[in-house]
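Since the structure comes first, as structure tokens, the remarks are kept for the end.
What follows draws every value from the coordinates through simple rules; no lab data is involved. If you're wondering where the values come from, they're calculated on a predicted model, not measured in any experiment. Note that each Cβ is placed from the backbone with ideal geometry, even for glycine, and that neighbours are counted across all protein chains shown.
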């Protein structure tokens, strides 16, 4: 449904927090250079000492995350990138949106391959308290649907304690996670996803995208 | 309540995934050295290429996380540590526990200060689908209670998009997050928390624990 709360991404609290850790003595230049050089698209971006927040549409977020990851990957350094995606709960301690303001329905954003292989661990949290559109809350049902989507997209590699393991092109991994987040968000207002990505790891000597 | 599902931490799925990113050319030795040297206590530990999983009691997890963080901090290198805590949903794609198996009630584990100042971002996700013990699911109520606890413990520094900012001694930050996780877990079976910690950052030149 589209209404005054769901139409505008920032009003609906659509955004990401990203942490980039580059395992090199010149980490500061690599991280700040990547954040500076990547096209911010239509996003509002604020960089802090723990992570960088970006708010805006799901499509712009996926494009920016993909470009940022590609820029870090291109340095060849081993890096860990963590991404938290959230939608449906803008504000600070309390959601500024009333329950029932959502869900927000968007087309699945299309990603792009970047030519770098990555391994990642992913978790998605549908935070539904009550019945919406006649659908009973069932967070494991929604999580399983997102994992099934990852299987279809070819990035699913296995289930681990508390997370799903994804492997493949860095861009395909990011596209999978954004697709699952927006899919579950078609029936649940407040949906959060967490992703931890390992790039250029010495544990992946034979990796190829 | 104590029953066959809640008595044993591993059976209840009590555990953590930890990612340690050291921003130095000698990252591999620092990370593997810290993981190797820290007392595993009673935990079951498995190290992967993206993160390390540890399963066991809440008290052992807090002790191990504190020792691990202290070991990384003592190297003086800038590091990012990410922690995912989970309880109430063992297994892989699907929870192996039936709904209603929990909650598991434990005393709040006591932490220890380690003498290193840190900044962190924290989020807690109560994943309750239905009424337990006569209490209606309300995930924002539970999140707000955890944040109030952080205020009482003195580590709360502010609310940001999607996360709560914590600052203070690294040990106090970890103790806060474990306390919030076990507190919310007194009424909700499946509770997950995520924490991103920044240690020895060049952005914190005047920091003192």
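Each listed q (0.15, 0.30 Å⁻¹) maps to a log10 I(q)/I(0) for the stretch A:23-64 from the Debye sum over equal C-alpha point scatterers, namely -0.40, -1.10. Each DSSP beta bridge with both residues in the protein assembly as shown is either parallel or antiparallel, and the antiparallel ones are about 100%. Projecting 7 Å from Cα along the Cα-to-Cβ direction, the label point of residue A:10 sits 5.1 nm from its equivalents in the other copies, listed shortest first. Within the listed set A:54, A:28, A:74, the Gaussian network model of chain A (springs between alpha-carbon atoms below 10 Å) gives the highest mean-square fluctuation for A:28. For the stretch B:21-145, the equivalent ellipsoid built from the Cα gyration tensor has semi-axes of 31, 17, 14 Å, listed from largest to smallest. Take residue B:28, move 7 Å from Cα toward the beta carbon, and the resulting point lies 2.7 nm from the same point in each other copy, nearest first. Averaged over the residues of B:24-36, the number of partner chain Cβ atoms lying within 10 Å of the residue Cβ comes to 2.
Compared with the dominant Cα axis of chain B, that is its longest principal axis, helix B:139-153 is turned about 50°.
Other protein chain C-beta atoms within 10 Å of residue C-beta, averaged over B:46-57: 4. Short-range pairs are left out: with C-alpha atoms under 8 Å and at least six residues apart, the relative contact order of chain B is 28 percent.
Applying the Kirkwood pairwise sum to the alpha-carbon positions of the protein assembly as shown produces a hydrodynamic radius of 21.2 angstrom. Measuring from the axis that superposes chain A on chain B, report the chain A residue with the minimal C-beta distance, rounded to whole Å. Reported as residue, whole Å: A:21, 2. Peptide B:9-20 has a mean shielding of 2, counted as Cβ atoms of other protein chains within 10 Å of each residue's Cβ. For residue B:46, the distances from its label point to the matching points in the remaining copies are 3.9 nm, ordered from shortest, with each point set 7 Å beyond Cα toward Cβ.
Kirkwood analysis of the Cα pair distances in chain B returns a hydrodynamic radius of 17.4 Å.
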